[in-house]
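**Q** Quick one: this structure, given as structure tokens, is what I'll be asking you about.
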Amino acid sequence: MGKEKSKKGAGSKGLSGLIIDPEKPWIQVIAQMPDHIMTLTEEPAKKFYHDAKVFVESTADVSGYYQLDSCTPITDVYNLEIEAMGGKMIYGENSMPTIDFRDPLIKNLEDLHKLKKKEVDWYNDGRLPYALECINLSLDYEGVAGSFCAPFSMAVGMRSYPALIKDMKKRPDFAHELFTFIIDDVLVPYIKVQNDYTDILMAFAPDAWASVPNLSVKDMKEWVVPYTERLREKCKKLGVMIMCSSGTYSEEQLDKFDAEILHGCFDVGIACTGAPMLFLLYGPWQDYPLEPVRDYTAKLREESINVTITAGVNARLLRDGPVEKIVDTIKHYIDILGRDHSLSFFLDNIPADAPSDHIHAAVAAIHTYGRLPIADNLDDIEFKIPKRESFKEWKKKLTDGTI
């Protein structure tokens, strides 16, 4: 029996974390940071990943501390559906839950057929009540988007990456059956429940596995794009627009950087979002040249098409620094891409032990150099690394009402 639909989000528009607030005269920044939040708030994982109120309010507190432009409660979206279907999980004391790939949910075709016959309660099984309430509570912080695991990353979660790649090469009929099951029997029902529960109009899916070099551009066009488009068409009938951050470029070996492959990734990404949106995520973008990005968007800009770019600040850079490189990376992003694209920033999964000074510097750099309209010469702008109190000190001031 499903729960009564929440009315908190009825009639809301926008997508928290992806929209630009016109009242804020600067390039905006959001963050994914669950393990970092647990470190600052000292909330144990067993509460953080099971109590939606704790999760969302802790995220709001840390977002406020860092002066982020939006609170984006991004939980462990890669495994919630699989856990609800009976997949085995690993729970750490101080870390995000993860799928136990030693014992995958689908080991063979017989397992897939058994799963097809299984009745899943998309309201109540596993930690789905927690996930749904996270979405519901995020409506208090301008959120109106649902979340789910993208089809390819879910297939990896069900089979493991090596097994899935082997399926695609050696047993394509099995792989196609698996992807069809994921769309029709898992994601469409789950997104429908999200819509029924919270009135979401949009749902967003991360897709870190659908990335170069995990897949070639050819593989992504064959296996990622068609199933994402299938999901989009089915969700349109539910009144929900879906977007997947597929097709990212994450080549770690800088001597293998290839602009042609990067452009192929952008083609995949636009097909999977259904809009002229580019995600510069996951890879060491602080070391990639940005001119190939401009080369790709040139034709779109000539046609007066507004290109939205989400610029990721790499997790390792945020943790290891130094601060000067963090600031220079952000300044370079803005100088190359900020004047003629709709640019926003994403602090990409801030590590638990990243120094808070690094995060404050990143946010300050974005808000300083990203002041709209962007200055002709960013070197003329004075930038000071902010000196801030600790999170505990800030939280005490907040509680006392002194800030």
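**Q** Using θ = phi - 60° and the Karplus relation 6.51 cos²θ - 1.76 cosθ + 1.60, list the HN-Hα couplings for segment 84-98 in order, rounded to whole Hz, with x at every Gly or Pro.
**A** 5, 8, x, x, 7, 10, 10, 10, x, 6, 9, 8, 5, x, 9
**Q** Just to check I understand the Karplus step: with θ = phi - 60° and J = 6.51 cos²θ - 1.76 cosθ + 1.60, what whole-Hz values come out for segment 188-199, glycine and proline as x?
**A** 4, x, 5, 5, 4, 5, 4, 5, 5, 7, 10, 6
**Q** Do the sum for the chain: with -39,500 (n - 2.57) for every DSSP H run of n ≥ 4, divided by all residues, what is the mean residue ellipticity at 222 nm, to the nearest 500 deg cm²/dmol?
**A** Details: 18 runs with 182 residues, N = 403.
Value at 222 nm, helices only, nearest 500: -13500 deg cm²/dmol.
**Q** With Rg and the Kirkwood Rh both taken from Cα atoms, where does Rg over Rh land for segment 232-315?
**A** Working: Rg = 13.9 Å, Rh = 13.8 Å.
For segment 232-315, the value is 1.01.
**Q** Right, here's the next one. Applying 1/(1 + (r/R0)^6) with R0 = 56 Å to the Cβ-Cβ distance of K170 and K392, what FRET efficiency is obtained, to the nearest 0.05? Could the numbers behind the result be given before it?
**A** Details: r = 54 Å, r/R0 = 0.97.
Efficiency, rounded to the nearest 0.05: 0.55.
**Q** What order, most packed first, do the peptides 27-38, 326-337 have when packing is the mean number of other Cβ atoms within 10 Å of each residue? All intermediate terms of the calculation are to be shown ahead of the outcome.
**A** Numbers: 27-38: 23.4, 326-337: 20.6.
In decreasing order of mean packing, 27-38, 326-337 become 27-38, 326-337.
**Q** Evaluate the relative contact order of segment 276-403 (contact order divided by residue number), counting alpha-carbon pairs under 8 angstrom at least 6 apart; express in whole percent. Numbers along the way, then the final one.
**A** Working: 147 pairs, mean separation 30.8, N = 128.
It rounds to 24 percent for segment 276-403.
**Q** Output needed: percent of Cα pairs per 5 Å distance bin for segment 276-403, bins running from 0 to the one holding the longest distance.
**A** All Cα pairs considered, the percentages come to 2, 10, 19, 20, 18, 14, 9, 5, 2, 1, 0.
**Q** Same structure, new question: Going by amide H atoms built from the backbone, whose H comes under 5 Å of the H on F345, apart from near neighbours?
**A** Amide H neighbours of F345, under 5 Å, 5+ apart: Q28, V29, I30, A311.
**Q** For the chain, what is the Kirkwood hydrodynamic radius in Å, using each pair of distinct C-alpha atoms?
**A** On the way: mean 1/r = 0.0457 Å⁻¹.
Radius from the Kirkwood sum: 21.9 Å.
**Q** Still on this structure, please answer the following. Normalised by the number of residues in the chain, what is the relative contact order in percent for Cα pairs under 8 Å and 6+ residues apart? Please report the intermediate quantities before stating the final value.
**A** On the way: 670 pairs, mean separation 78.4, N = 403.
Once normalised by length, the contact order is 19 percent.
**Q** May I pose another question? Using each residue's phi in segment 373-385, evaluate 6.51 cos²θ - 1.76 cosθ + 1.60 at θ = phi - 60° and report the 3J(HN,Hα) Karplus result to the nearest Hz, with x for Gly and Pro.
**A** In residue order, the calculated couplings are x, 5, 4, 5, 10, 5, 5, 7, 8, 7, 10, 10, 5 Hz.
**Q** Working out 0.36 nm times the residue gap between E291 and D376, then minus their Cα-Cα distance, what length gain in nm do you get to one decimal? Mind showing how you got there, number by number?
**A** Details: separation 85, 0.36 × 85 = 30.60 nm, distance 1.78 nm.
That works out to 28.8 nm of additional length.
**Q** If R₀ is 22 angstrom, what is the calculated FRET efficiency for the pair E119 and T98, using the beta carbon separation as r and rounding to 0.05? Please list the in-between numbers first.
**A** Values: r = 26 Å, r/R0 = 1.17.
Between E119 and T98 the formula returns 0.30.
**Q** Which entries of K47/K192; K325/K387; K88/K118; K192/K237; K88/K114 show an alpha-carbon separation above 20 angstrom in the structure shown? Write down the numbers at each step before the final one.
**A** Numbers: K47/K192 27 Å; K325/K387 18 Å; K88/K118 16 Å; K192/K237 10 Å; K88/K114 16 Å.
In this structure, K47/K192 lie more than 20 Å apart at Cα.
**Q** Hey, what's the Cα Rg ratio for segment 114-235 versus the globular rule of thumb, 2.2 N^0.38 Å? If you can, show how the numbers build up before the last one.
**A** Working: Rg = 15.2 Å, N = 122, 2.2 N^0.38 = 13.7 Å.
Compactness ratio reported: 1.11.
**Q** On average, how much area does the Cα convex hull of segment 58-275 cover when viewed from any direction, in nm²?
**A** 13.2
Every read-out reported here was derived from the displayed coordinates using simple, explicitly stated rules and does not represent laboratory data. In this text, all values refer to a predicted model and were calculated from it rather than measured experimentally. FYI the Cβ positions are ideal-geometry reconstructions off the backbone, even for glycines, and counts take in every protein chain you see.
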